[in-house]
Every structure is written in structure tokens, then in C-alpha cells.
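Inspection log for the structure reproduced underneath, given as C-alpha cells.
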Amino acid sequence: MAGFNKTNITPPRWLLAELTYSCPLQCPYCSNPLDYSKYPQELTTDDWKRVLTQARKMGAVQLGLSGGEPLVRKDLEEIVKHARELGYYTNLITSAYGLDEARIVALKEAGLDHIQVSIQASSEKLSDYLAGTKSFEHKKQVAHLVKKHGYPMVLCVVIHRENIAEMPQILAMAEELGADYLELANTQYYGWAHANRDLLLPTKEQFEKAEAIAQAFKKKVEGKMKIYYVVPDFHEDRPKACMNGWGTTFLTIAPDGVALPCHSARELPELDCPNVNEGSIDEIWHDSKAFNFFRGTEWMQEPCQSCDEKSKDFGGCRCQAYLLKGDMYATDPVCSKSPDHHLIEEAIKTAKKSQEVNEQPLIFRHSKNSRDFIKN
């Protein structure tokens with residue numbers, strides 16, 4: 001088996017619990033699988049408690065509660081309470097759609113540490129368009145309530161071509177909402193974002209202008225607000241490290257119980273990703289084919305195998321290599337050393353041309369166009 005290396009395996013530290021794929025929003029950059037409707041089954045409350053208990057016993061300390069929209073789960077407070085009893089630091093990653101003050105209080109009483117609210121844009125019209133729901137004003141109200149009830153106010157805005165010109169207004173909105181933390185997450189092109197890449201990928205000039213504005217604002221609010229700026233791969237010459245190293249730190253559990261080395265790994269072939277209903281977290285982490293597949297460096301092809309940066313970026317993202325090259329073993333084409341780097345350059349040119357023509361509509365997660373796209 002490629003990459004099967006069981007030496008020096010470190011325990012998982014971060015557990016991402018994708019509680020459901022259900023979501024009232026239809027964002028065209030959603031990271032859920034394009035065929036998420038094929039996986040309607042969800043773990044029960046007791047299943048999630050067992051998973052959390054096993055992962056915590058192994059050493060996991062950070063718990064992200066995500067989806068879809070995790071608020072859809074009626075047992076969310078019970079899951080949070082169990083996580084608190086185990087000693088996790090819990091982070092609710094939410095669109096805030098449907099979240100009210102009573103539930104914020106209930107989650108606080110259950111022991112939730114952290115709420116991250118996502119807003120699609122700084123203007124109501126664009127935010128509601130991207131979300132596919134009239135939710136902008138409600139999201140802002142929730143952000144104030146989060147602050148009122150003593151949570152750190154964590155705001156996340158995914159950045160792409162549709163909203164990148166709003167960077168000054170996005171920063172002003174974060175300040176108005178009293179954000180303690182602001183994540184400016186440039187779109188990473190997996191799932192729905194990959195399907196919409198030609199329409200979402202900004203030009204390098206757009207990205208550089210937005211980054212300069214964000215960095216200047218970061219200095220202005222130093223000591224008041226922490227800003228995390230997630231750089232887009234496509235305008236870099238070195239790839240990001242794949243999940244801090246495959247099977248070293250991050251463990252994702254999908255709604256149906258499939259355990260994944262990263263949230264996009266489900267689309268990779270040959271992994272045979274295990275399910276938590278068929279084995280313990282310890283067995284999955286240490287012994288499964290999926291989690292050992294790209295551990296270590298033995299699996300690497302050239303130029304990664306002889307590269308002096310291989311222990312820094314681990315050959316880049318396996319999902320990105322597969323989506324762009326059709327080969328999950330390949331050097332991530334983002335890397336300028338990759339023989340396939342031209343694929344990135346071509347993607348950037350195609351996206352720029354698409355911006356100039358602007359004929360193709362976005363594929364939204366719940367729309368008829370989305371269903372036709374998946375079927376074809």
C-alpha cells in the first residue's frame with residue numbers, strides 16, 4: 001500500500017464533527033460533497049458521544065461542530081454538554097441561520113466555548129444572493145447576541161470574486177459588529193467551489209489589492225481584533241501543507257460516520273475510508289488504509305521525493321492534485337516545481353476570461369442547475 005507508514009504516529013488533536021449535510025443555505029462555494037444527497041444517514045446522539053469519547057481518550061482537545069448547518073441537529077446542546085464533560089474546547093461553526101437568543105443561552109449553559117458566525121458579504125443584497133436566503137440582517141443580530149452573552153465574537157467571510165471588491169466594507173462591518181476575531185478565508189477550490197471556480201477565482205490583481213487593504217487594517221486594529229488572512233493557493237508558488245501532514249493532527253467525521261483525513265478526502269479513489277460504526281477511533285487512526293495512505297514521505301513522486309521542502313508542505317494537497325491532475329499522488333500543481341504547474345496558470349487565465357464574458361451562471365448548492373450538474 002502506498003504510503004503505509006505506521007512509525008511515529010501522533011494522536012489526533014483536532015476533531016471536526018460534521019453533524020449533518022443539511023443546510024438552509026445554498027452557498028456556491030460550499031465544501032460539502034457535490035453528491036451529499038447520497039449520504040442521508042446521520043450518526044445518532046449516542047454515536048456522536050461514543051466518537052467524542054474515543055477521540056478525547058486518544059488526546060483530541062479541539063472540537064469543531066460543523067455541517068452543513070449544525071444548528072439543524074436538535075441534539076446539538078446534548079452533544080455540546082458531553083463534549084464539555086470530556087474536556088474539549090468546543091467551536092460551533094455556523095451560518096447563524098435560525099439561531100436565536102434562547103438557543104445561544106442554552107448552548108452557553110451546555111458548555112459551548114466558541115461560536116464562529118459566517119457572513120457572505122458586507123451588503124445585504126449580495127449576502128442574501130450568495131446564501132440563497134434572506135439572512136443578512138439576522139446574521140448581524142446574532143453576531144451582537146454572541147457578543148452579549150460572553151462568547152468571543154468570531155466572524156468568518158469567505159472571499160472570492162463576487163465579494164472581494166467589498167474588502168473595505170467587510171472590514172468596517174467586522175469592526176461595527178465588535179468582532180474579536182475575523183477570518184478572511186479566501187476560497188479554497190474543492191466541492192462546490194471547484195465546480196464554480198471559473199466564476200469565483202479572483203485575478204491576481206484583485207487578490208493583491210484586497211490583501212493590501214486587509215493587511216493595513218490589521219495594523220490599525222492591532223490589540224483590538226485579530227485577523228486571520230487565509231491565502232488562496234492559486235496565486236501562490238508553494239502549496240499549503242495537507243492538513244498539517246496527512247493523519248498527523250486532523251480527524252474529520254462525516255455525518256454518516258465516515259472517518260476522513262480531511263473534509264474533502266471522500267472524493268479520492270482507493271482510500272476505502274472507514275466508518276466509526278465499524279471500528280474504534282483508535283483502530284481507524286492507527287490501522288486503517290485511508291489514514292495511512294499518505295503518511296510519511298515514501299509515497300511521494302518526483303520532484304517531491306527529492307525536494308528539501310517535502311517535510312514542510314508534504315507534497316501539497318492530495319485533493320487538489322486529484323481535482324486538477326486526476327492523480328492524487330502527483331505534486332500539487334500549485335507548486336512552481338510541479339511539472340503540472342501550467343494547470344494553475346491555465347485555470348487563472350480561464351477564470352479571467354470568464355470574468356470578462358460573464359455568461360455562465362453560478363451553480364448553487366440547492367438549485368435545479370446544481371442537480372443537473374451532478375447528474376451530468
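The values are calculated or read from the model by the stated rules, or taken from the named source; none is laboratory data. A quick note: this is a predicted structure, and the numbers were derived from the prediction, not measured. Note: ideal-geometry Cβ built from the backbone for every residue, glycine included; neighbour counts use all protein chains shown. We work out accessible area using only protein heavy atoms, side chains counted, and drop any ligands, DNA or RNA first. Shrake-Rupley method; radii C 1.70, N 1.55, O 1.52, S 1.80 Å.
Structural remarks
- Computed over the range 35-178, the convex hull of the alpha-carbon atoms projects to a mean area of 9.6 nm².
- Mean projection area, nm², convex hull over Cα of the chain: 18.1
- The C-alpha atoms of the range 224-337 occupy a region whose extents along the principal axes are 45, 41, 23 Å, arranged from largest to smallest.
- All Cα pairs of the range 127-189, percent lying beyond 19 Å: 33
- Accessible surface of the range 185-251, 1.4 Å probe, proportion on carbon and sulfur as whole %: 53
- Subtracting the Cα-Cα distance of E236 and D75 from 0.36 nm times their residue separation leaves 53.8 nm of extension gain.
- Of the chymotrypsin sites (Phe, Trp or Tyr not before Pro) in the range 64-114, those whose Cβ has at most 15 other Cβ within 10 Å and which sit in DSSP loop: none
- Considering only the range 1-111, percent of DSSP beta bridges that pair antiparallel, nearest 5: 0
- Probe 1.4 Å, protein heavy atoms only - accessible area per residue of the chain in square angstrom: 43
- DSSP beta bridges confined to the chain are antiparallel in about 10 percent of cases.
- Distance between the modelled labels on K57 and E283, one decimal in nanometres: 1.3 nm (7 Å Cα→Cβ projection).
- Expressed as a fraction of 2.2 N^0.38 Å, the C-alpha radius of gyration for the range 160-228 is 1.18.
- When its C-alpha radius of gyration is set against 2.2 N^0.38 Å (N residues), the range 18-108 gives a value of 1.11.
- In sequence order, calculated HN-Hα J values of the range 252-264 (Karplus, 6.51, -1.76, 1.60; Hz; x Gly/Pro): 10, 10, 6, x, 8, x, 6, 8, 10, x, 8, 5, 9
- Karplus (6.51, -1.76, 1.60) ³J(HN,Hα), θ = phi - 60°, over the range 94-110, in Hz, Gly and Pro reported as x: 9, 7, 6, 5, x, 7, 10, 5, 4, 6, 4, 5, 4, 5, 5, 5, 6
- Heavy-atom accessible surface of the range 21-140: percent carbon and sulfur, 1.4 Å: 53
- When the convex hull of its Cα atoms is projected in every direction, mean area for the range 239-287 (nm²): 3.7
- For Y189, solvent-accessible area (1.4 Å; no DNA, RNA or ligand), Å²: 10
- Residue ranges 253-262, 323-332 sort as 253-262, 323-332 when ordered by packing (mean number of other C-beta atoms within 10 Å per residue, highest first).
- Virtual spin-label span in nm between E267 and K224, 7 Å along Cα→Cβ: 4.0
- GluC sites (Glu not before Pro) within the range 259-347, DSSP loop, no more than 12 other Cβ atoms inside 10 Å: E270, E278, E298
- The phi torsions of the range 127-139, fed into the Karplus equation with coefficients 6.51, -1.76 and 1.60 and a -60° offset, translate into couplings of 4, 5, 5, 5, 6, x, 9, 7, 9, 4, 5, 5, 4 Hz, rounded to whole numbers, with Gly and Pro shown as x.
- Amide proton proximity set for D100, modelled H, under 5 Å, gap of 5+: none
- The shape of the range 276-362 can be summarised by an equivalent ellipsoid whose semi-axes, obtained from the alpha carbon gyration tensor, come to 32, 20, 8 Å from longest to shortest.
- Database remark: amide H of I227 closer than 5 angstrom to the amide H of L182 (H placed geometrically; neighbours at sequence offset of 5 or more, or on other chains; Pro and chain starts carry no H).
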